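Structure first, commentary second.
A short reminder: the numbers here are calculations on the coordinates, not readings from a lab. Owing to the predicted nature of the structure, the values given are computational and were not obtained by experimental measurement. Cβ placement follows ideal geometry from the backbone for every residue including glycine, while neighbour counts extend to all protein chains displayed.
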Amino acid sequence: MSNRFDISKAPLRAEPRHPAAAAPVQSVPATPGGLIRSTLLAAGAAGAILVLFWLPAEYGIDPTGVGGLTGLTEMGEIKQQLAAEAEADVEAAAAAPVAAVEATPATAAPAPEILERLDRIDAQLAAISAVIGTPPSLTEPAAAATVVAEPAPEAAAAPAPDPVEAAVAEAAAPEPATPEWRDEVSYTLNPGEGIEVKLSMEEGQTARFLWTANGSVVNFDLHGDGSGESISYEQGRAVPEAAGDLTAAFTGNHGWFWRNRTEAPVTVTLRTGGDYAEIKAP
Amino acid sequence: MIQFFRAHWRPPMPWQALIALATLFTALLLAGAALAHNVTEGDSGYVQEVTGFRPIAFIYLGAKHMVTGYDHLLFLAGVIFFLYRSKDIATYVSIFAIGHSVTMIAGVWWSIKINAYIIDATIAFSVVYKALDNLGAFRLWFGVQPNTKAATLIFGLLHGFGLATKIQDYDISPDGLLGNLIAFNLGVELGQLMALALILTAMTHWRARHAFARQAYAANVLMMVAGFALMGLQITGYFVA
C-alpha cells in the first residue's frame, strides 16, 4: 500500500515523445532544377489525366482513342448533346414570353406567379406549334430531326388524370383480320439522332399502333402534351418494337420520341390506326 | 539471391504515404466531379422562381457553393499549408475573404461578367501558383519571394469574380438583390469556415507526424497536378462551348 505513492516510480514529467516534431516545417528542401522537373512532371500527369479520362468524359474529346475503349467518350458525347438540346429548349422557352409581352402591352403588371405560369404555358405552346408548323413530308429521311421539347422532365410533375385510362394496353385484343392502318411512316436515325411523331387526339380517343426498329433497338418515350398538361405514358431503352393501344388522357398531341443510342443507323417504322384526327410527323 | 536483393533494395519512395495522399486527392477530385462546381440545375431553378429578400436560402446557397467548390478549397489548403499560428491563419483567411467579397458583390452589382471558363481557369492557376509558392519556387528560380499576403488578396479578388459570374448565371431577381447578395456572401464565409475547420483538423494531424517533412513536397506537386488538370479542363471548355 505504501508504495502506491512512491514518487520515485512516477515519471518526472510528461516528455514529448518526439521533441524534434515540435519544430514546425515551414518549407521544403528543393533545388531550382528539381522544381522544374517536378513542375513538368505535374503538368505531364495533369495532361495525361485530362487526355485519357477527363476530356473524353466531359466533352467527348478523345485524341488518344483510350476514351473510346473505356466508353468515357460516349459519356462526353451524350453530355454535350444533352447540353445542346437543353440550351435549345431554353431558347425556345425564352422566345415565347417575349411574344406574350408584346401582345399584351397595356395590361397592368400581373403577379410574378401568374407571369411564371404564363411563361410555362407559352413554352408548351411553342413546343406544340413547332410540331404543327412542320410540314409532314414522309419521303424525307430524319436527317437533322426536329427534336421538339423533351417531354420527360415536365412529365414527372404532370398530374395523370386517370392512370388506368392513360395506361397503354400492350398488345391488347389482337384483331382477328389484318388491322387497318391509316398511316405508316418510316425514319432512318443516325447514331445519336432522335425524332418525334405525334397523333392529334381528343380526350378518350384510342389509337392502335405498331412500331419496330426493324431488327435494331431504340430508346423511346411515349408521351403527350396539350390542354396545358403533359404526360409520359411509357418509356423504354433499347427496345426492338412495341404495339398496343394509346388512349389519350387529354386533348392534345400524343406520340413517340425515339432516339438511336446504338452505333449504327436505325430505321424506325410506325403504323397507326384507330381514332385520331391526324398524324403529325416531321 | 532474393535475400541479397532484399538486403540491398530500399524502397525509394514512401509508398504508403504516397498512396494515402493519392487517395485523398482522388477523393477530393471525385467529390468535386460528382457535385460539380457549377450552380446546380436545381439551385439555379429555385433562384429563378423566387423574388425578394430570402436570407437563409441565400446563406445556404453560398455555403453550399463554397463547400462543394473544390478549386476554392484547394487554394485555401495551399494558403494554410505552412501556416501554424492561428493568428496567421486568421490573417490570411481574412485577406482572402475580403478579396472575394469585394469582387463578388461589386461584380454582381455592376454586372461585370467574365467568361466562366476563363475565370475558372484563372482560379485553377491560383492553385498551381500557391503550390509553387509553397515549394519556394519563385525564390529559387527568380531570387525573389513575391509578397504572400498580396498574392492572397489578388487571388481572393479573382475568386470573387468567379463567384460573381456564378451568381449572375443564377439570373437572380433585382427585388431584394443586395440583401440576397450579402446573405450569399455570408454563406460563402460560413462555408469557408466549415471547410477550413476540416482542412485544419487534417493538416494539424498530418503536420504532427514526422513524415510530413518528406510528404510536403509531394503534396504540393500533387496540388499542381490538380491545378494544371483543372486549368486544362476549363480552357478546353472555353473552346468547346
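Loop-only check: which GluC sites (Glu not before Pro) in the range A:219-277 are DSSP coil with at most 12 other Cβ within 10 angstrom?
Passing sites in the range A:219-277 are A:E263.
Using Cα positions and a limit of under 21 Å, work out the lysines in reach of B:K87, with same-chain residues fewer than 8 apart set aside.
Hits, sequence-local ones excluded: B:K130, B:K149.
In whole Hz, what ³J(HN,Hα) sequence does the range B:129-145 give by Karplus (6.51, -1.76, 1.60; θ = phi - 60°), x for Gly and Pro?
Coupling constants for the range B:129-145: 4, 5, 5, 4, 4, 4, 7, x, 5, 5, 5, 6, 7, 10, x, 10, 9 Hz.
The range B:43-98 to the range B:151-179: how many Å between their Cα centroids?
So the two Cα centres are separated by 11 Å.
Work out from phi, with θ = phi - 60° and the Karplus expression 6.51 cos²θ - 1.76 cosθ + 1.60, the ³J(HN,Hα) of each residue of the range A:244-255, listed in order in whole Hz, and give x for Gly and Pro.
x, 10, 10, 9, 5, 6, 7, 6, x, 9, 10, x
What does the C-alpha gyration tensor say about the overall shape of the range A:183-280? Classify as rounded when a/c is under 1.5, otherwise prolate if a/b is larger than b/c, or oblate.
prolate
Return the long-range amide H neighbours of A:D275 (sequence gap of 5 or more, or a different chain), with a cut-off of under 5 Å between placed amide H atoms.
Here the answer is A:T206, A:A207, A:R208, since their amide H atoms fall under 5 Å of that of A:D275.
Rank these for me by crowding, B:I119, B:I56, going from fewest to most other beta carbons within 10 Å.
B:I56, B:I119
Hey, with R₀ at 35 Å, roughly what FRET efficiency would B:N115 and A:E203 work out to, going by the Cβ-Cβ distance, to 0.05?
0.10
A:R182 to B:A241: FRET efficiency via 1/(1 + (r/R0)^6), r the Cβ-Cβ distance, R0 51 Å, to the nearest 0.05?
It comes out at approximately 0.70.
Using a simple spin-label model with points 7 Å from Cα along the Cα→Cβ vector, what separation in nm is obtained for B:M194 and B:Y46?
1.2
Taking only Cα atoms of the range B:14-240, what ratio of Rg to Rh do you get with Rh as the Kirkwood inverse-distance radius?
Rg/Rh for the range B:14-240 comes to 0.98.
Need the C-alpha centroid separation for the range B:204-241 versus the range A:225-248, integer Å.
49
Just need the Rg to Rh number for the range A:34-96, please, alpha carbons only, Kirkwood Rh.
That ratio is 1.27, to two decimals.
What distance in nm lies between label points placed 7 Å from Cα along the C-beta direction at A:D245 and B:W141?
So the label points at A:D245 and B:W141 sit 7.5 nm apart.
Determine, for A:S200, A:S216, the number of other Cβ atoms within 10 Å of each Cβ, and report the residues in order from fewest to most.
A:S216, A:S200
Just want the ordering: B:S126, A:S227, from fewest to most Cβ atoms lying within 10 Å of their own Cβ.
A:S227, B:S126
What are the extents of the Cα atoms of the range B:114-241 along their three principal axes, listed from largest to smallest and rounded to whole Å?
Principal extents (largest minus smallest coordinate, Cα): 55, 35, 26 Å.
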